[in-house]
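Only the coordinates and a few stated rules stand behind these numbers; no lab work does. Quantities reported herein were computed from a predicted structural model and do not represent experimental measurements. Backbone-built Cβ (ideal geometry, glycine too); neighbour counts: all protein chains shown.
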Amino acid sequence: MRIDPYNHKERYLAWKEKVKDGIPDISKANSDLILAYLRDMETGMNTALGNVKGPRSFIRLNTLREKLIFFSKKLKDKYALDKMTDITEEQICEFFLPIFFLLFFFVKSFEYKVKPSVNAFH
């Protein structure tokens, strides 16, 4: 028996029951798409080739739910897209490029700060 101290299972199942008719604050098309994807992940269908087959944990399902709803709202705000699947490659790159550069420069600056000088141990 698995212990769930953070009630991920109850939280996910309560949310799923609450959004049977659709996820509020996002379009019907995105809501249907997200709910279908989460149903697939619950049973382990349509997973990537390299991933283990089988149902995903409730922690993973809650994380996916939150991220997909967040991206749906952000894409609606930035590109006025009512359906996430209508996004173009250029829009995806424009959306994620600032995040990539932020992470890239953070990691690079961290590497330079952490590396000791050549003569540090002599």
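Span-like helix criteria (full DSSP H runs; alpha carbon extent of at least 24 Å along the helix axis; mean Kyte-Doolittle hydropathy of at least 0.0) are satisfied in the chain by 89-114. Set the Förster radius R0 to 30 Å, insert the Cβ-Cβ distance between F105 and S57 as r into 1/(1 + (r/R0)^6), and round the FRET efficiency to 0.05. According to the calculation, E is roughly 0.35. Remark: the Cα gyration tensor places the chain in the oblate category, a/c being 1.5 or greater and a/b not exceeding b/c. Counted without the sites themselves, the longest stretch of the chain free of trypsin sites (Lys or Arg not before Pro) in a DSSP loop having at most 11 other beta carbon atoms within 10 Å is 54-122.
Remark: T63, T85 ranked as T85, T63, counting other beta-carbon atoms within 10 Å and listing the fewest first. Annotation for D82 and K16: the two label points, set 7 Å from Cα along the Cα-Cβ direction, are 2.9 nm apart.
For L49 and I92, compute 0.36 nm times the residue count separating them, minus their Cα-Cα distance, and round to one decimal in nm. Full extension of this stretch gives 13.2 nm more.
Compute the relative contact order of segment 8-87 as a whole-number percentage, counting only Cα pairs closer than 8 Å that sit 6 or more residues apart in sequence. Spell out each step's value before the answer.
Numbers: 56 pairs, mean separation 27.5, N = 80.
With pairs under 8 Å counted, the relative contact order is 34 percent.
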